[in-house]
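Chemist: Please read through the structure below; I'll follow up with questions.
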Amino acid sequence: MGHVLATITTSLDGYIAGPDDRAGSGLGVGGERLHNWVMGGPWSYDKEHEPGNLSGADREFMDSVTAGLGAGICGRGMYDASGAWGGTNPFDGSLVVLTHRTDDAPDPSTGFVFVDGFDAALATARAAAGDGGVAVSGGADTIRQALAAGVVDVLAISTAPVILGEGKRLFDGFDQDVDLEIQAVHTSQWATHVTYRVARQRS
């Protein structure tokens, strides 16, 4: 069984999205700046953009954390905010969407699988990944559920040089005691990426 990676980007003050993040509004007001590192620099929703134009430390970080992954899990909020990535899973392996609303699941040929409940989503992703790892990504609630379940082996947090002031915080309501060990740090002009091993967790 492969490892479980939880990965997400935050602002310096701990927000994973700006105000008014919802379906059709992406990462909320000003939130697109969090992902400059993914886009290779400043970008906006009203102009043509394509993720993956990484270089330098951003590329080194991405390559290091995605190596060996076979499937992923994301929340319904991330799926909707992205516009379902145009209707086709852009990532390697199946992407399990954690949602209470499974009636509108797309055709499996799109690469998306809708599952209700974190435990069931993890089991589905692990089955799809085989011997590969599973990546748990946004939103914040999905990351918190994975940590609360005690299944995360590696936590990777990218911090953008942005202070949003308000929005959706990564660790709102999370009350568990978790020890982390720093494995690697990658720094670019767009983000500082810290990869941690989850060493110990107490409820």
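Read-outs: derived from the displayed coordinates by stated rules, not from any lab. Bear in mind that the values here come from a model prediction, so they are computed numbers and not experimental data. Glycine also receives a Cβ, built like all others from the backbone with ideal geometry; neighbour counts cover every protein chain displayed.
Chemist: Just tell me, in residue order, which DSSP H segments of the chain are both 15 angstrom or longer along the helix axis (alpha-carbon based) and at least 0.0 in mean Kyte-Doolittle hydropathy.
Modeler: For the chain, where a helix must reach 15 Å along its axis and average at least 0.0, the hits are 118-129.
Chemist: Let me ask you something else. Could you calculate the FRET efficiency of Asn53 with Asp175 from 1/(1 + (r/R0)^6), where r is the beta carbon distance between them and R0 is 35 Å, rounded to 0.05?
Modeler: 0.35
Chemist: Okay, moving on. How long is the gain from Ala105 to Asp153 if the chain were fully straight, where each residue apart is worth 0.36 nm and the alpha carbon distance is subtracted?
Modeler: That works out to 14.4 nm of additional length.
Chemist: Another question about this same structure. Can you tell me the relative contact order of the stretch 4-202? Whole percent, Cα pairs under 8 Å, sequence separation 6 or more.
Modeler: 31 percent
Chemist: According to the Kirkwood expression over distinct Cα-Cα pairs, how big is the hydrodynamic radius of the stretch 4-202, in Å?
Modeler: 17.0 Å
Chemist: What value in Å³ per residue do you get for the convex hull of the alpha-carbon atoms in the stretch 59-158?
Modeler: Value for the stretch 59-158: 102 Å³ per residue.
Chemist: For Asp80 and Asp13 in the same chain, what is the full-extension length gain: residue separation times 0.36 nm, less their Cα-Cα distance, in nm?
Modeler: Using 0.36 nm per residue and subtracting the Cα-Cα distance, I get 21.7 nm.
Chemist: Given axes a ≥ b ≥ c from the Cα gyration tensor, I'd like to know whether the stretch 115-177 is rounded (a/c under 1.5), prolate (a/b larger than b/c) or oblate.
Modeler: The shape class here is prolate.
Chemist: Sticking with this one: Specify whether the C-alpha gyration tensor of the stretch 62-121 places it in the rounded, prolate or oblate class, a ≥ b ≥ c being the square roots of the eigenvalues: rounded for a/c under 1.5, otherwise prolate if a/b is larger than b/c and oblate if not.
Modeler: Prolate shape, in that a/c is at least 1.5 and a/b is the bigger ratio.
Chemist: For the chain, what does -39500 (n - 2.57) per DSSP helix run (n ≥ 4), summed and divided by total residues, give at 222 nm, in deg cm²/dmol to the nearest 500?
Modeler: Calculated mean residue ellipticity at 222 nm is -5500 deg cm²/dmol.
Chemist: Return the distance in nm (one decimal) between the two label points of a simple spin-label model at Asp46 and Ala127, each offset 7 Å from Cα along Cα→Cβ.
Modeler: 4.6 nm
Chemist: Calculate, in nm to one decimal, what Met1 and Asp116 gain on full extension: separation in residues at 0.36 nm each, minus their alpha carbon distance.
Modeler: 39.2 nm
Chemist: Which value in Å is the Kirkwood Rh of the stretch 10-108 over different Cα pairs?
Modeler: 15.0 Å
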